[in-house]
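Okay, structure first, notes after.
What follows draws every value from the coordinates through simple rules; no lab data is involved. Keep in mind the model is a prediction, meaning the values are calculated, not measured. Quick reminder, even Gly has a Cβ in these numbers, built from the backbone with ideal geometry, and neighbours come from all protein chains shown.
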Amino acid sequence: MINVREKYLGSNDKMSFMDRIYLPAIFKGMFVTLKHMLFSKSVTTQYPEEKRVIAPRYRGRHVLKRDEQGRERCTACYCCAFICPASCIRIVAEEVTPEIQHNHPGEKYAKVFEIDLFRCIYCGFCQEACPKAAIFLEDIYELAVDSRDKFIIGKDVLVDKKGGPRKIRV
């Protein structure tokens, strides 16, 4: 049976006094610790005051976009709901009436558009499948809430407040 000392040091090598009290290893570890404490720059971000720099392709919370006239782009075609691997999107379509014609460009619109953020895996398939460029995953990463049912977000949270041209991210 091989002794542990023989396995790592060899049978003829004897540990010196300095090796037995581990002083060189302790000093080497202290040197590395002091070097990082004194000469390294801080990587801590003071979060509420300073926001992190987000990568351009980051996929955060969903946003339903409006067109240049301020109308909702979503025409309730269900492409995003069909392509979603987590089945977290729920859409209820309704016909556009003359009273709300000014808010919706098509014949039907999404009366209910809900996303369950607990089930969502933020894959971006819904964004790629949408033929009207209505849904985007923006760089919103602050998703903390105080109850679980607030993670099912509807059109009141999802719809962008102002309209604008299409912004296709690469």
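Odds and ends about this structure:
- Ellipticity at 222 nm from helices only: DSSP H runs of n ≥ 4 in the chain, each -39500 (n - 2.57), divided by the residue count, give -6000 deg cm²/dmol.
- Net charge of Cβ neighbours under 13 Å - reference Ala144; Lys, Arg +1; Asp, Glu -1: +1
- Near Glu107: Cβ cut-off under 12 Å, other residues only, Lys/Arg at +1 and Asp/Glu at -1. The net charge is -1.
- Shown is the FRET efficiency for Ile83 and Glu50, computed with R0 = 30 Å from the Cβ-Cβ distance and rounded to the nearest 0.05: 0.25.
- Contour excess over end-to-end distance, with Cα ends at His36 and Ala129 and 0.36 nm allotted per residue: 28.7 nm
- The chain - charge dipole about Cα centre, Lys and Arg +1 at Cβ, Asp and Glu -1, debye rounded to 20: 720 debye
- Calculated FRET efficiency for the pair Tyr122/Phe27, C-beta based, R₀ 41 Å, to 0.05: 0.30
- Stokes-Einstein D for the chain, Kirkwood Rh over Cα pairs, 20 °C, 1.002 mPa s (µm²/s): 102 µm²/s
- Once the C-beta distance of Val92 and Val43 is scaled by a Förster radius of 30 Å, the resulting FRET efficiency is 0.05 to the nearest 0.05.
- Long-range amide H partners of Ala93 with built H, under 5 Å: Lys111
- Taking amide H as placed 1.01 Å from N in the peptide plane, the amide H of Ala76 sits under 5 Å from that of Ala110, each at least 5 places away or on another chain.
- Across the options Thr33, Leu117, Leu23, the greatest Cα extent toward the positive end of the charge dipole of the chain (unit charges at beta carbon of Lys, Arg, Asp, Glu) belongs to Leu23.
- Highest-first packing order for the peptide set 49-60, 66-77, 96-107 is 66-77, 96-107, 49-60, based on the mean count of other beta carbon atoms within 10 Å.
- The mean sequence distance of close C-alpha pairs (under 8 Å, at least 6 residues apart), as a share of the length of the chain, puts its relative contact order at 27 percent.
- Cross-link pairs beyond the 23 Å C-alpha cut-off, checked among Lys14/Lys35; Lys65/Lys150; Lys51/Lys111; Lys108/Lys150; Lys108/Lys155: Lys14/Lys35; Lys51/Lys111; Lys108/Lys150
- Projecting the Cα positions of Pro98, Val145, Cys130 onto the charge dipole of the range 62-158 (unit charges on Cβ atoms of Lys, Arg, Asp and Glu, taken about the Cα centre) puts Cys130 furthest along the positive direction.
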